[in-house]
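Structure record follows, encoded as structure tokens.
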Amino acid sequence: MSGKSIQCIVMFADVAGSTQMYENLGDIEARERISKALDTLISICKRHQGKLVKTIGDEILVYFNDVDMSLLAAQTIQETMEDSRSPETVGISIRIGMHFGPAILEENDIFGDTVNVAARVVNMTKARQILLTGSVADRIQSGELSVKSRQYDRIKVKGKDKPLDVYMYGWEQESDITNMATGNITNPFKIAQDGGLLLTYKEKTTKMDLNSDSVALGRGIDCDLLITGDLISRYHAKIEIRRGKFVLSDQSTNGTYVRTLDGQDIFLRQDELTLFGSGVISLGKNVDKNRENLIYYSFE
């Protein structure tokens, strides 16, 4: 049977950290919890006019014909996962990647470059994030949804001459996307750093090297550095490795403050900074007003 060519939004949504869940909970309980979570994701997508293609291990593959509905589905998924009242969501974090383009629909399965790119996007996505390519962002109809998307990175895709722009969709209600700065992909303070980045918070030091995963900072229980206090968002900021640099990204309402060793003050709000030298990071308050939750950084 020959396939039919369609234009659609392809979405991958998968359970972040599933391997660790199996190790901590055991195969039976982890499989049951992941299965219930995926059932919840599928139900949400169907309510938003999404069509389930298949379940692959701990992820689902879905396609949509309407861009706005696909974003509303993605946002509803993340909001639902935040509801601690439901046993299907406790301890479950989802990452979502999306791309728009042509695909081949054949016998209830979907194939093509669009599917491959969406898979590439979800692989670079962190827990609780929604990432989408520029082909999705450019087709958003609702102004309310459009302002929640900001440029996040560029990726080189095999077979394409130009890199693809990747956007992050700020689904959290507390994120003040309207007032965000249009974050630059590059930063004037980029410098090569050998060794690792040391983060010290309340006498505990965490080391990041070029092989490390990203470090999430905030008051959410799944953050790598759990920092509580007023004006701190659940998922306030993160530090990740990008092209050999350590990049601090703010994703909060109240912003992130950085003071370098030479006394330079930098304020980030929905923006990012390549860390250099040494200094202090403060979430939600400027360094002078924050005495309890300062994070000290330096390079080895």
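The values are calculated or read from the model by the stated rules, or taken from the named source; none is laboratory data. Just so we're clear, the structure is a prediction, and the values are computed from it rather than from any experiment. FYI the Cβ positions are ideal-geometry reconstructions off the backbone, even for glycines, and counts take in every protein chain you see.
In this structure, Ser252 does satisfy being small (Gly, Ala, Ser), at pLDDT below 90, touching an Asp or Glu at 6+ places or on another chain (Cβ under 9 Å) and under 20 Å from Tyr169 (Cα atoms). Of everything listed in (1) of a type outside the set (Ser, Thr, Tyr); (2) modelled with pLDDT of 90 or more; (3) surrounded by fewer than 16 Cβ atoms within 10 Å (Cβ to Cβ), the single unmet condition for Asn108 is (2).
In region 236-296, counting only strands (runs of 3 or more DSSP E) that sit wholly within it, the ones holding 3 or more residues that are closer than 21 Å to Lys204 by Cβ span 237-242, 256-260, 278-283. Residues that are charged (D, E, K, R) and in contact (Cβ under 8 Å) with a residue 24 or more places away in the chain are absent from region 15-31. The set of residues in region 281-300 that are surrounded by fewer than 16 Cβ atoms within 10 Å (Cβ to Cβ) and free of Cβ contacts under 8 Å to residues at least 60 places away in the same chain comprises Asn286, Val287, Asp288, Lys289, Arg291.
Closer than 24 Å to Leu145 by Cβ, modelled with pLDDT under 95 and surrounded by fewer than 23 Cβ atoms within 10 Å (Cβ to Cβ): does that describe Asp83? Here the answer is yes, as Asp83 does meet what is asked. Of all the residues in region 255-280, those that are in contact (Cβ under 8 Å) with a residue 12 or more places away in the chain and closer than 30 Å to Val147 by Cα number 15.
Applying the condition of being of a type in the set (Ser, Thr, Tyr) and assigned to a loop (DSSP other than H, G, I, E, B) to region 204-224 and asking which residue is farthest from Gly244 (Cα to Cα) yields Ser214. Inside region 14-44, can you point out the residues that are under 19 Å from the mean Cα position of the chain (by Cα), in a helix (DSSP H, G or I) and surrounded by 15 or more Cβ atoms within 10 Å (Cβ to Cβ)? If the condition is that a residue be under 19 Å from the mean Cα position of the chain (by Cα), in a helix (DSSP H, G or I) and surrounded by 15 or more Cβ atoms within 10 Å (Cβ to Cβ), then Ser18, Ala37, Leu38, Leu41 are the ones that fit.
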